[in-house]
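Contents: one structure, followed by commentary.
The values are calculated or read from the model by the stated rules, or taken from the named source; none is laboratory data. Computed from a predicted structure; not experimentally measured. Note that each Cβ is placed from the backbone with ideal geometry, even for glycine, and that neighbours are counted across all protein chains shown.
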Amino acid sequence: MSVRENTIAILVNNTPDVLARIAGTFSGRGFNIESISANVTMNPDVTKIIITTIGDQDTVTKLEKQLNKIVDVLDVKDLTDVASAQREMLLIRMKVTDVNRDRLKQTVDTHGWKVVGTDADCWILEVTGDRQEIDSALTVLEPMGLDDFTRTGIVALEQCKS
């Protein structure tokens, strides 16, 4: 079986310590969490956690079984091979100077990124996209004065079923 990145969606009761128990399930079996995002659903008593991890299908199947044993876990779904939208967000702080201002503005406009904060010598940009688009944005912006960045984990939502 091939090793690849897998996306797992987990619905849980919104209770203290549930995220720690889920993370412990991964670390206890020697698997790294590559990215994680979590927030309440339309029901504030239920949280959706999206985790990406590297492994083969046997690994994911074992993790799913272990996750389903946790008391507050309501549902576990492997979205890796399911039609789903998967996105990530990146916030980037850029040093802005007279030398790079025009090039930076043109790059932001060309890619459809957003400027969400400005002052005299600093811009904060918002970039959303799949992992490759996020990595590409970092590559493009680094030589222009990238000062710092933070990125969310993958968020994913299964496509509508016909």
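When both residues are 6+ apart or on different chains and their Cβ atoms are under 8 Å apart, which pairs have a first residue that lies in the range 144-162 and is surrounded by fewer than 16 Cβ atoms within 10 Å (Cβ to Cβ), and a second that is of a type in the set (S, T, N, Q)?
Hits for this filter: 157/84; 158/84; 159/84.
(1) of a type in the set (D, E, K, R); (2) under 25 Å from residue 56 (Cβ atoms); (3) in the same structural domain as residue 51 (by TED's automatic domain parsing): which one isn't true of residue 72, the others all being true?
The one condition residue 72 does not meet is (2).
Among the residues of the range 69-128, how many are without any contact (Cβ under 8 Å) to a residue 24 or more places away in the chain and under 20 Å from residue 35 (Cα atoms)?
Qualifying residue count for the region: 1.
Just to check your reading of the model, which residue among 61, 53 is under 29 Å from residue 138 (Cβ atoms), at pLDDT below 95 and not assigned by TED's automatic domain parsing to the domain that holds residue 144?
53
Where residues in the range 113-132 are crowded, with 16+ Cβ neighbours inside 10 Å and closer than 18 Å to residue 50 by Cβ, which of them is modelled with the lowest pLDDT?
That would be 131.
Find the residue count for the range 8-28, including only residues that are part of a helix (DSSP H, G or I) and in contact (Cβ under 8 Å) with a residue 24 or more places away in the chain.
6
What are the residues in the range 29-45 that are outside any strand (DSSP E or B) and at negative phi, if any?
Correct list: 29, 31, 32, 41, 42, 43, 44, 45.
So, residue 48, is that one basic (Lys, Arg) and without any contact (Cβ under 8 Å) to a residue 12 or more places away in the chain or not?
It is false that residue 48 is basic (Lys, Arg) and without any contact (Cβ under 8 Å) to a residue 12 or more places away in the chain.
Might you check whether a residue that is in contact with a Ser or Thr (Cβ under 7 Å, 6 or more places away or on another chain), surrounded by fewer than 12 Cβ atoms within 10 Å (Cβ to Cβ) and either within 30 Å of residue 147 (Cα to Cα) or at pLDDT below 95 (or both) occurs anywhere in the range 31-38?
Scanning the range 31-38, I find at least one residue that is in contact with a Ser or Thr (Cβ under 7 Å, 6 or more places away or on another chain), surrounded by fewer than 12 Cβ atoms within 10 Å (Cβ to Cβ) and either within 30 Å of residue 147 (Cα to Cα) or at pLDDT below 95 (or both), so the answer is yes.
If a residue has to be of a type in the set (A, V, I, L, M, F, W, C), in a strand (DSSP E or B) and farther than 21 Å from residue 20 by Cβ to count, how many in the range 55-88 make the cut?
Qualifying residue count for the region: 1.
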